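Student: Before we start, here is the structure in question, set down as structure tokens.
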Amino acid sequence: MASVTLRGVSKAFAGEVEAVRDVSLEIRDGEFIVLVGPSGSGKSTLLRLIAGLERPTAGDILIGDRVVTSLRPKSRDIAMVFQNYALYPHMTVRQNLAFSLEIRRVSKEEVGRRVEEVARTLGLDALLKRKPAALSGGQRQRVAMGRAMVRDPQVLLLDEPLSNLDAALRVEMRTELKRIHYTIGTTSVYVTHDQVEAMTLGDRVAVLRGGELQQIATPLEIYRRPANVFVAAFIGSPSMNLVEASVGSGGLSVGDVDLPLPAGVDLRRYEGRTVILGIRPNDFEDAAMVSGDGPALETIVDLVEELGPEVHLDVRLDPARTGSDEVGILRFSSRGELSTTPAIAAGGQGTLRAIVDARTQARRGDPIRLTVDPRGFHVFDPETGLAIGPDGDASPPHEAEAAEADAAPAAPETS
Ligand code: ADP
Ligand code: MG
């Protein structure tokens, strides 16, 4: 096992804008890092750069303390697992698992021992004599994992390995991957566009957009303190609501509705200006379900989804009681562009999403009063999109730097 370090890594393809732009990050020995971002954000390119399948146009890549930037893939001691498994169809599971060791002239006994061990870890013991065609999708994926693990590489690279599985199997394999990582402990870099996979699998999650690293932090840190409005909207499902709010001396207002200032956010510099207020769906509640009278929005129900343990609502601000004609709701398109729609717009564009108690009586077309928990408010600078922090500064320190400082071992002063 080894750490992986990227220093100012960029990759430009001929005739393309840079697919990866000036990415620096440090993956610790034994860590499971997830690279997540929308399609085209540079995830696969970054992984292929680490693998040596692409050469960076700038920057350096280290595995352990060895600079590998110009080394070929097979000199890097990495193993890669792809979405399409790439198993040898004419070989049995045992032969597929053994192949990479055999071409490296590992002794027969050692090959047998390692194949048995990996097969046991992955629950493939009973399938060793089968050929890929006789396996289910999940089993094939497990063999592909096994083939990477059997070499005991320094670093395991996985590019959307669960994408070809159906939803139920994905969840099952996700849990299994986590268990495997606990068992083998190999430094792993895992690429996905699925933020739920990212949150559940990663020790830390690196969010990419347009080839640039947006934030790298633990899943909880990313969820609680997204560095910018893109990360805020991308991580969390359903997505965080983004609403235009104006900053007054005593608080925020959305249309005519006054809301308290969130604790720990200094908005003095923004007084008299519009900011982007982020509210996660679960920070709303049907006012009929709570005692007491906190801040609330008067809305009209547009859509009801009964999920069992909770109910998801799409609601529209009630223009008569919120003065919402001027309020904009912001959304990212699938291509990652932020656009603003009036809150009263029809057709689902101007709606907010709320997760409320399953006992709600909400019906489509009815008015509903939704309380909001200001402790969950996120506030973003409308120009830069950066989160506004406790010092009123829209440039929070990068978690990576803070974590690196924390994690720096108290090395004995030898040289
Ligand atoms: P992701 O894996 O996040 O979907 P990729 O890393 O595959 O994104 O691609 C990032 C960008 O680089 C995209 O715009 C893509 O079109 C471009 N790209 C990727 N590989 C090549 C290539 N071999 N030649 C030219 N452009 C490429
Ligand atoms: Mg990709």
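The values are calculated or read from the model by the stated rules, or taken from the named source; none is laboratory data. These figures come from a predicted structure and were not determined experimentally. Here the Cβ is made from the backbone with ideal geometry for all residues, glycine too, and neighbour counts use every protein chain on show. Accessible surface is based on the protein model in full, side chains and every heavy atom, while ligands, DNA and RNA are left aside. Shrake-Rupley method; radii C 1.70, N 1.55, O 1.52, S 1.80 Å.
Student: Quick one: which residue in Asp203, Asp159, Asp194, Asp258 is more than 29 Å from Ala2 (Cβ to Cβ) and acidic (Asp, Glu)?
Tutor: Of Asp203, Asp159, Asp194, Asp258, the one residue that is more than 29 Å from Ala2 (Cβ to Cβ) and acidic (Asp, Glu) is Asp258.
Student: How many residues does region 265-291 contain that are of a type outside the set (S, T, N, Q), in contact with a strand residue (DSSP E or B) (Cβ under 9 Å, 6 or more places away or on another chain) and not in a helix (DSSP H, G or I)?
Tutor: Number of matching residues: 15.
Student: Name the residues in region 118-133 that are surrounded by fewer than 12 Cβ atoms within 10 Å (Cβ to Cβ) and over 15 Å from Thr183 (Cβ atoms), would you?
Tutor: Correct list: Asp125, Ala126, Lys129, Ala133.
Residue-by-condition table, conditions (1) under 28 Å from the mean Cα position of the chain (by Cα); (2) within 16 Å of ligand 1 (Cβ to nearest atom):
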{"residue": "Thr5", "(1), (2)": "yes, no"}
{"residue": "Arg21", "(1), (2)": "yes, yes"}
{"residue": "Met80", "(1), (2)": "yes, yes"}
{"residue": "Gln95", "(1), (2)": "no, no"}
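Student: Still on this structure, please answer the following. Could you grab me the full set of residues in region 244-281 that are modelled with pLDDT of 90 or more, open to solvent by 40 Å² or more (accessible area, probe 1.4 Å) and either in contact with a Pro (Cβ under 9 Å, 6 or more places away or on another chain) or hydrophobic (A, V, I, L, M, F, W, C) (or both)?
Tutor: Result: Glu244, Asp258, Pro260, Arg273, Thr274.
Student: Still on this structure: What number of residues within region 28-44 are away from ligand 2 (no atom under 11 Å from the Cβ) and among the small types (Gly, Ala, Ser)?
Tutor: 1
Student: Could you tell me which of the residues Arg174, Arg179 is of a type outside the set (Val, Ile, Thr), without any contact (Cβ under 8 Å) to a residue 12 or more places away in the chain, outside any loop (DSSP other than H, G, I, E, B) and away from ligand 1 (no atom under 16 Å from the Cβ)?
Tutor: It is Arg179.
Student: Which one of the conditions (1) within 12 Å of ligand 1 (Cβ to nearest atom); (2) in contact (Cβ under 8 Å) with a residue 60 or more places away in the chain does Asp29 fail to meet, given that it meets all the rest?
Tutor: (1)
Student: Now, a different point. Being open to solvent by less than 40 Å² (accessible area, probe 1.4 Å), part of a helix (DSSP H, G or I) and over 20 Å from Met80 (Cα atoms), is that true of even one residue in region 140-159?
Tutor: no
Matching residues to (1) in a strand (DSSP E or B); (2) at negative phi; (3) surrounded by 15 or more Cβ atoms within 10 Å (Cβ to Cβ):
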| residue | (1), (2), (3) |
| --- | --- |
| Val301 | yes, yes, yes |
| Gly308 | no, no, no |
| Val311 | yes, yes, yes |
| Val315 | yes, yes, yes |
| Ala320 | no, yes, no |
| Asp325 | no, yes, no |
| Arg331 | yes, yes, yes |
| Thr341 | yes, yes, yes |
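Student: Looking at (1) away from ligand 2 (no atom under 16 Å from the Cβ); (2) outside any loop (DSSP other than H, G, I, E, B), which is the only condition Leu47 fails?
Tutor: (1)
Student: Continuing with the same structure: Restricting the search to region 57-98, which residues are of a type in the set (Lys, Arg) and either closer than 21 Å to Ser10 by Cα or open to solvent by less than 50 Å² (accessible area, probe 1.4 Å) (or both)?
Tutor: Correct list: Arg66, Arg72, Arg76.
Student: Just for region 38-56: of the residues that are in contact with a Gly (Cβ under 7 Å, 6 or more places away or on another chain) and not charged (D, E, K, R), which one is surrounded by the fewest Cβ atoms within 10 Å (Cβ to Cβ)?
Tutor: Among them, the one singled out is Pro38.
Student: Let me ask something else about it. Give me the pairs: first residue in region 10-21 and farther than 19 Å from Pro38 by Cβ, second residue surrounded by fewer than 17 Cβ atoms within 10 Å (Cβ to Cβ), beta-carbon distance under 7 Å, and six or more apart or on different chains, which are they?
Tutor: Every condition considered, the pairs that remain are Ser10/Asp22; Ser10/Thr57; Ser10/Ala58; Ala12/Thr57.
Student: Given the options Leu62, Leu25, name the one that is on the phi < 0 side of the Ramachandran plot, in contact with a Ser or Thr (Cβ under 6 Å, 6 or more places away or on another chain), away from ligand 2 (no atom under 16 Å from the Cβ) and part of a strand (DSSP E or B).
Tutor: When all the criteria are applied, what remains is Leu62.
Student: When Leu101 is evaluated against the numbered criteria (1) open to solvent by 50 Å² or more (accessible area, probe 1.4 Å); (2) touching a helix residue (DSSP H, G or I) at 6+ places or on another chain (Cβ under 8 Å), which criterion, by number, is the only one it fails?
Tutor: Just one mismatch for Leu101, condition (1).
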